[in-house]
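Notes to accompany the following structure.
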Amino acid sequence: MTSAEPAEKLLIPVLSAPWDDTRPWTLDTYRRHAGYEGLRAALAMPPDDVIALVKDAGLRGRGGAGFPTGMKWQFIPQNDGKPHYLVVNADESEPGTCKDIPLLFANPHALIEGMIIASYAIRCDHAFIYLRGEVVPVLRRLHAAVAEAYRAGLLGRDILGSGVDLDITVHAGAGAYICGEETALLDSLEGRRGQPRLRPPFPAIAGLYACPTVVNNVESIASVPAILARGKEWFKSLGTEKSPGFTLYSLSGHVTNPGQYEAPLGITLRQLLDVSGGVRPGHRLKFWTPGGSSTPMFTDEHLDVPLDYEGVGAAGSMLGTKALQIFDETTCVVRAVTRWTEFYAHESCGKCTPCREGTYWLVQLLKRVEAGEGVDGDLEKLLDIADNINGKSFCALGDGAASPIVSSLQHFRAEYEQHIAERRCPFDPAASTVWA
Ligand code: L3W
Ligand code: SF4
């Protein structure tokens, strides 16, 4: 993949292929796009071969951490006499991340087909979708698609005459970001307050109701049918050697055409901006996140970083959820980081002291710097608090809260200092359309 290729050739619609078709959420439309062919291929193979295929294809988790999906499935013990569960993490809430919800709204059968395949592979007969509770239209659509799949003999007893059984329960969360952390999600699904559990044991050993459980992101599971239908070599021909395949990038903020762009892993922001019409007219890129606000920010120096797990990691950040939030030169970085930090302070579950107390103090300091009331030493205090959260919190939310502060001070320390020295914010808030 090179910048010399025409922009539109860089896109590869797989999950998004039916999105512009008539009523793409229906079974009929999904079938017109080869829907449920991957399932037929899977049911013709022994379950272990399905796991091996997904592992050999190199599919990596699309929820943020990039953990190999097939390997996670392989961790499920066999012949242990316990029920096995599949839980799909559809609690998409990371700031800037908008790929699972649009995928579910437009194409719910891709997830359902993937869930049947994954459940068959790990020998599970009851799977769950934990959906972000605020998105009621998606909840309704998922319920309708699951009901349609039952009517078509794709769920329930003896799926397509294979002897395989599967029930799917759709569960709506109650609006807490922390319930996107896999063990907090499991607690919430069990009816308890959603707070992270100590790991290990990982859910693969003791997950839902203390039974072996695979927790996968929506996009990870929805990507499986195409691998079964088209083969692992096709999948590996896309992307990079260590990050193969296609994926959904969400572009938001100061771009001409925000939205979801499906492309091979390893594409660059420069190429995605070419496809999406670029930064809004008359403006230039100032900073951006490669994977949501939890991932260290990049600047215009990082336009050619390959957006795969290794490329982004080598450049000092994380691919995360592939949420590319774009900010132009009208954006005050202190203001942006303050808004994100308020989010983390609000969403901190309170279980551990570094995050519960630290995020509160970060907000107090940031707000006073933003308001032009900062004093000498505030930036050192910010870094000190961030250092006491990072790597010392119970779960990744704490690290995510520290990340924008550390990276923004690394790239834009002079802008913070200007707020303190001039005792005011040097930016016009009305000029930036993002942070109203
Ligand atoms: C069995 C082992 N399983 C690891 C499994 C583990 C999990 C997966 C990845 O955080 C990141 C975070 C956010 N035996 C295992 C094992 N596993 N070792 O592999 O685990 P881990 O700990 O590397 O990551 P995590 O705790 O799942 C996810 C980042 O994603 N993020 C934001 C995410 C937000 C969303 C959203 O809104 N949809 O996903 C952004 O960067 O910071 O680093 O399943 O059980 N030995
Ligand atoms: Fe809760 Fe924050 Fe600690 Fe995670 S890091 S357990 S969200 S207090």
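The values are calculated or read from the model by the stated rules, or taken from the named source; none is laboratory data. This is a predicted model, so every value here is computed, not measured. Heads up, the Cβs are rebuilt from the backbone with ideal geometry, glycines too, and the neighbour counts pull from every protein chain shown. Surface accessibility is based on the protein's heavy atoms, side chains included, excluding ligands, DNA and RNA. Shrake-Rupley method; radii C 1.70, N 1.55, O 1.52, S 1.80 Å.
Numbers below:
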read-out: Separation between Cα centres of the range 41-76 and the range 369-436, rounded to whole Å; value: 40
read-out: The range 1-109: equivalent-ellipsoid semi-axes (sqrt of 5 x gyration tensor eigenvalues, Cα, Å); value: 28, 19, 17
read-out: Sorted peptide list for 77-83, 151-157, criterion being average Cβ within 10 angstrom, highest first; value: 151-157, 77-83
read-out: For the chain: accessible area per residue (Å², 1.4 Å); value: 40
read-out: FRET efficiency, 1/(1 + (r/R0)^6) with R0 35 Å, evaluated for V375 and E190 via beta carbons; value: 0.15
read-out: Accessible-area order (highest first, 1.4 angstrom probe) of the listed residues I116, I205; value: I205, I116
read-out: Candidate lysines for bridging to K381, where Cα separation is under 21 Å - those fewer than 8 sequence places away on the same chain excluded; value: K367, K392
read-out: Ranking by accessible area, most exposed first, for L15, L139 with a 1.4 Å probe; value: L139, L15
read-out: The chain, relative contact order [Cα under 8 Å, separation at least 6], %; value: 16
read-out: Normalised alpha carbon radius of gyration of the chain [divisor 2.2 N^0.38 Å]; value: 1.00
read-out: Cα-centred dipole magnitude for the range 26-93, charges only on beta-carbon of K, R (+1) and D, E (-1), debye, nearest 20; value: 80
read-out: Gained length - L303 relative to A144, 0.36 nm times residue gap less alpha-carbon distance; value: 53.1 nm
read-out: Within straight-line cross-link reach of K9, aspartates and glutamates at Cα separation under 17 Å, skipping those fewer than 8 residues along the same chain; value: E262, D274
read-out: Rg and Dmax [Cα atoms of the range 294-436; Å; Rg one decimal, Dmax integer]; value: 15.0, 41
read-out: Cα-based reach from K82 at 29 Å (exclusive), listing lysines while leaving out same-chain residues under 8 positions away; value: K55, K72
read-out: Sequence of E373, E342 from largest to smallest accessible area, 1.4 Å probe; value: E373, E342
read-out: Net charge dipole size for the range 42-167 [Lys, Arg +1 and Asp, Glu -1 on Cβ; Debye, nearest 20]; value: 160
read-out: Rounded FRET efficiency, nearest 0.05, which uses the C-beta distance separating A210 from R413 and R0 of 51 Å; value: 0.60
read-out: Cα centroid of the range 106-159 to Cα centroid of the range 252-315, whole Å; value: 32
read-out: Choice from A371, A323, A42 with maximal GNM fluctuation in the chain (Cα, 10 Å cutoff); value: A371
